[in-house]
């Protein structure tokens, strides 16, 4: 295995382990843990159902909603665990770490943005969901670039990222449409759970 690729696996794994460790130390309350479990199940099932359509992945939207409505920790957990759980059906591989990292970071970012009241609105969530499709692609495309080994050049890397941007237009459109459809009702239900268990 190429040294750069191996180092990247260890780096991504180290970040994931560190994040899980820090979250474990915070001892998430029941009001956060239960929705994470439910949203991971919804995201994983949705990904499996839509798996036959290239780059249509409801996980991104589910992760964003969880992050915006709850916290950076819950967003990260929902993203990372959705990738791990859904890949038990979709197929585990070295790409799983990158998918866990990508969705985890999107959830983490959504959680930090969710601390700002204007970001917890539909008007922010929809475009953010669309942009996150490209963010997910850029992170996971790093793995593709790393697999090029000796063939990795600036030109080949740019070709991979360029193809990814075009290929993820359906992902962005689907994200925006799904977010517009489910954001408000899911935010309302999540807020009820949050209030009930606080």
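Could you check, for segment 113-130, whether at least one of its residues is crowded, with 16+ Cβ neighbours inside 10 Å, closer than 24 Å to residue 26 by Cα and at pLDDT 95 or above? Within segment 113-130 (the criterion being crowded, with 16+ Cβ neighbours inside 10 Å, closer than 24 Å to residue 26 by Cα and at pLDDT 95 or above), the answer is yes, since at least one residue qualifies.
Restricting the search to segment 82-96, which residues are surrounded by fewer than 23 Cβ atoms within 10 Å (Cβ to Cβ), in contact (Cβ under 8 Å) with a residue 40 or more places away in the chain and either part of a helix (DSSP H, G or I) or out of contact with any helix residue (DSSP H, G or I) (no Cβ under 9 Å at 6 or more places or on another chain) (or both)? Steps first, please.
Step one: list which residues in segment 82-96 are surrounded by fewer than 23 Cβ atoms within 10 Å (Cβ to Cβ), which gives 84-85, 87-96.
Next cut, in contact (Cβ under 8 Å) with a residue 40 or more places away in the chain only: 85, 89-90, 94-95.
Correct list: 85, 89, 90, 95.
Filtering segment 3-24 to residues that are farther than 29 Å from residue 166 by Cα, out of contact with any helix residue (DSSP H, G or I) (no Cβ under 9 Å at 6 or more places or on another chain) and at pLDDT 85 or above leaves 10, 14, 17, 18, 21.
Taken together, 44, 74, 31 contain a single residue that is touching a helix residue (DSSP H, G or I) at 6+ places or on another chain (Cβ under 6 Å), assigned to a helix (DSSP H, G or I) and at pLDDT below 85, which is 31.
The values are calculated or read from the model by the stated rules, or taken from the named source; none is laboratory data. Nothing here was measured: the structure is a model prediction, and the numbers come from that model. We place every Cβ from the backbone using ideal geometry, glycine too, and count neighbours over all the protein chains shown.
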